[in-house]
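Trainee: This structure is in structure tokens; I'll ask about it shortly.
Every read-out reported here was derived from the displayed coordinates using simple, explicitly stated rules and does not represent laboratory data. Just so it is clear, the structure is predicted and the values come from calculations on it, not from any experiment. Reconstructed Cβ throughout: ideal geometry from the backbone, glycine too, with neighbour counts over all protein chains shown.
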């Protein structure tokens with residue numbers, strides 16, 4: 001394996017191609033990123049009642065996420081501590097306990113071992129059940145309904161992990177009633193490395209006018225002006241791109257939250273809600289609320305606010321991912337509007353959505369060209385807009401004018417490199433502070 005410290009260069013702008021293909025690098029990601037970072041699990045709206053649960057993965061580790069009898073959130077590895085069998089095969093449901101199909105060990109919704117068959121007859125009442133519960137995550141927490149967990153007890157608190165990203169997301173998540181995810185999720189498989197869709201969603205405004213040209217022409221929306229990067233399109237005036245500490249980031253196209261929607265009800269809802277957001281959070285929040293976002297939360301969670309799609313890219317080896325797609329809505333929206341947004345999400349970024357299929361083909365191509373040994377000796381470059389980014393007078397993070405740049409790419413890969421280095425949380429925090437000071441200077 002190549003020297004990890006040389007895989008990302010030029011302040012995040014240059015990536016070694018092997019990071020999208022190499023098995024050893026992928027295994028190191030499991031250890032240094034997915035075993036340490038805060039990872040998205042589900043939304044509280046998916047497990048509202050005691051006994052509700054879903055199964056998901058943290059990296060390649062199968063986990064159960066449950067609402068315990070006392071209302072608290074629990075997450076634990078979905079593997080029996082007796083002989084290792086998977087305990088729960090259901091994707092979601094409600095239960096009083098989880099029972100292993102192999103030998104019948106049963107566990108509570110908090111993961112504790114509650115029943116051992118033939119405990120008296122074969123263990124002679126000499127098994128300390130408190131030792132053999134399902135392995136718990138180190139920390140679990142939620143922010144505005146989004147549930148995250150980490151295996152690392154020393155990881156910073158979730159709010160600190162999200163940092164400035166939380167401030168930006170509050171513009172549409174801290175509305176009265178909050179937000180929810182409509183499920184169950186749509187599911188698909190892509191033959192690509194997990195980082196490729198994350199970087200696409202974190203701020204690839206460059207591909208929109210080109211890769212989606214035919215779709216933009218068919219949709220005939222305000223975004224159609226981007227089609228084919230036509231003369232007259234001025235990307236520098238279109239919005240902003242932001243990289244926040246921790247590898248999170250976004251691109252926002254101003255005044256385009258409803259760009260793909262013809263339903264007057266959605267336009268009316270935005271107008272109604274904007275006044276509340278402006279009053280409660282200020283003018284910048286109202287502006288952010290009305291923008292169309294492409295965004296990612298490090299390491300493998302993305303969303304498009306405006307298109308209202310929410311994605312979880314679950315790695316399944318270095319060249320394959322499982323894609324889970326929900327519809328993101330405000331809880332207080334009328335039911336008819338929620339269902340309209342769900343249908344629009346399915347048509348655009350669902351499994352066979354007209355925009356999703358454009359992206360999927362490109363994501364697979366960006367990965368699979370790296371099968372060649374000589375190809376993997378090369379590097380990729382995402383240096384667009386480096387001379388036009390920096391601190392903003394009013395907004396947090398590193399900000400670049402215009403949606404077409406690669407500021408948030410670089411932030412993502414700086415965070416990836418930091419975590420892959422194996423540095424402690426304290427070291428990474430100090431390095432980020434020094435980097436910020438240098439950027440300000």
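Trainee: Going by alpha carbons, how many degrees (0 to 90, nearest 10) lie between the helix axis of 354-368 and the longest principal axis of the chain?
Mentor: The angle comes out at about 80 degrees.
Trainee: What Kirkwood hydrodynamic radius do you get for segment 11-86 when you take the inverse of the mean 1/r over all pairs of distinct Cα atoms, in Å? Walk me through the numbers on the way to the answer.
Mentor: Values: mean 1/r = 0.0676 Å⁻¹.
Taking every pair of different Cα atoms in segment 11-86, averaging 1/r and inverting gives 14.8 Å.
Trainee: Could you give the radius of gyration (one decimal) and Dmax (whole number) of the Cα atoms in the chain, in Å?
Mentor: According to the Cα coordinates of the chain, Rg and Dmax are 22.5, 81 Å.
Trainee: Return the single residue from 216, 146, 118 with maximal mean-square fluctuation; model: Gaussian network over the chain, springs between Cα atoms under 10 Å.
Mentor: Maximum fluctuation in the GNM of the chain, among the listed residues, is at 118.
Trainee: In whole Å, what are the extents of segment 302-441 along the principal axes defined by its C-alpha atoms, from largest to smallest?
Mentor: Projected onto its principal axes, the Cα set of segment 302-441 covers 51, 46, 31 Å.
Trainee: Against the longest principal axis of the chain, how steep is helix 407-420, in degrees 0 to 90 to the nearest 10, with axes from Cα atoms?
Mentor: 30 degrees
Trainee: Shifting gears a bit: P(r) for segment 285-372: what percent of alpha-carbon pairs falls in each 10 Å bin, starting at zero?
Mentor: Whole-percent P(r) values from 0 Å outward: 15, 43, 30, 10, 2, 0.
Trainee: If you build a Gaussian network model of the chain, linking Cα atoms that sit under 10 Å apart, which residue out of 114, 25, 127 swings the most?
Mentor: 127
Trainee: In whole angstrom, note down how far apart the Cα centers of segment 123-176 and segment 64-93 are.
Mentor: 14 Å
Trainee: Restricting to DSSP H runs of at least four residues, report the calculated mean residue ellipticity at 222 nm for the chain, -39500 (n - 2.57) per run over all residues, nearest 500 deg cm²/dmol.
Mentor: The helix contribution divided over the chain gives -8500 deg cm²/dmol.
Trainee: Here's a follow-up. Hey, fewest Cβ within 10 Å first, where do 32, 67 land in order?
Mentor: If I rank by nearby Cβ atoms, fewest first, I get 32, 67.
Trainee: If you wrap a convex hull around the C-alpha atoms of segment 39-142 and split its volume per residue, what is the figure in Å³? Spell out each step's value before the answer.
Mentor: On the way: hull volume 10.1 nm³, N = 104.
Dividing the Cα hull volume of segment 39-142 by its residue count gives 97 Å³.
Trainee: Separation of segment 399-432 and segment 179-196 by C-alpha centroid, Å?
Mentor: Measuring centre to centre over Cα atoms gives 24 Å.
Trainee: On C-alpha positions alone, give me the angle between the axis of helix 425-440 and the longest principal axis of the chain, in degrees, nearest 10.
Mentor: Value to nearest ten degrees: 10.
Trainee: Given an 8 Å cut-off on Cα distances and at least 6 residues of separation, report the relative contact order of the chain as a percent.
Mentor: About 21 percent, as a whole number.
Trainee: May I ask for the distance between the Cα centers of segment 354-368 and segment 1-52, given as a whole number of Å?
Mentor: 20 Å
Trainee: Kindly identify segment 227-280 as rounded, prolate or oblate by the Cα gyration tensor criterion: order the square roots of the eigenvalues as a ≥ b ≥ c, call it rounded if a/c is under 1.5, otherwise compare a/b with b/c, prolate if a/b is larger, else oblate.
Mentor: oblate
Trainee: Going out from 0 in 5 Å bins, what whole percent of all Cα-Cα distances in segment 368-431 drops into each bin?
Mentor: 3, 14, 17, 16, 19, 15, 10, 4, 1, 0
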